[in-house]
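S.K.: Sharing a structure, written as structure tokens. Questions coming.
The values are calculated or read from the model by the stated rules, or taken from the named source; none is laboratory data. This structure is a prediction, so every number in the text was calculated from the model and none was measured. Note that we place each Cβ from the backbone using ideal geometry, even for glycine, and neighbour counts take in every protein chain shown.
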Amino acid sequence: MISKDELIEHVDDLATIVERQIGVIGEIVAERNRQIEKEGWSHDHDDKNHIDGALARLACMYANPIEGMVYQEMVLGWEDVANLVKRKDPRRNLVIAGALIVAEIERMDRAKKAEAA
């Protein structure tokens, strides 16, 4: 049986983990909001222009290291990819990728809802 002190220690560890994850998720949410508000990538824009998984592919570009860019450009066939991908530091790139994944999931959910209607 776990003692009260051990249980408190485990709860404190769990609280620290959750707090850290909430912080990262908050960064992704803030980035997604920035993409909508500052960049103009609205839900309507995504629904009309990115029905082919483009948001997920763009997220992959941000998530991969720079060395992977040439391969990705060739495979994806995006000639103007340099204009789309505005790389920051590796951690920031992952936050941007996370926000793009959220955008793609939201787009898919809206499309599924529209199909069901």
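S.K.: Taking the condition among the aromatic types (Phe, Trp, Tyr) and modelled with pLDDT under 85, does Trp78 pass? Explain how you work it out, then say what you get.
M.R.: Numbers: among the aromatic types (Phe, Trp, Tyr): yes; modelled with pLDDT under 85: yes.
Yes; evaluated as a whole, the condition is true for this residue.
S.K.: Let me ask something else. Mind checking which residues of segment 19-38 are within 15 Å of the chain's Cα centre (by Cα) and either among the acidic types (Asp, Glu) or not in a helix (DSSP H, G or I) (or both)?
M.R.: As a first pass, look at segment 19-38 and keep what is within 15 Å of the chain's Cα centre (by Cα): 21-36.
Listed by number, the residues that qualify are Glu27, Glu31.
S.K.: Additional query: Quick test of your reading of the structure: Asp12 fulfils all but one of (1) within 18 Å of Ile105 (Cα to Cα); (2) assigned to a helix (DSSP H, G or I); (3) at pLDDT below 85; (4) not hydrophobic (A, V, I, L, M, F, W, C). Name the failing condition by number.
M.R.: Condition (1) is where Asp12 drops out.
S.K.: Identify, by number, the condition in (1) under 19 Å from Arg87 (Cα atoms); (2) surrounded by fewer than 10 Cβ atoms within 10 Å (Cβ to Cβ) that Ser3 doesn't meet.
M.R.: Every listed condition holds for Ser3 apart from (1).
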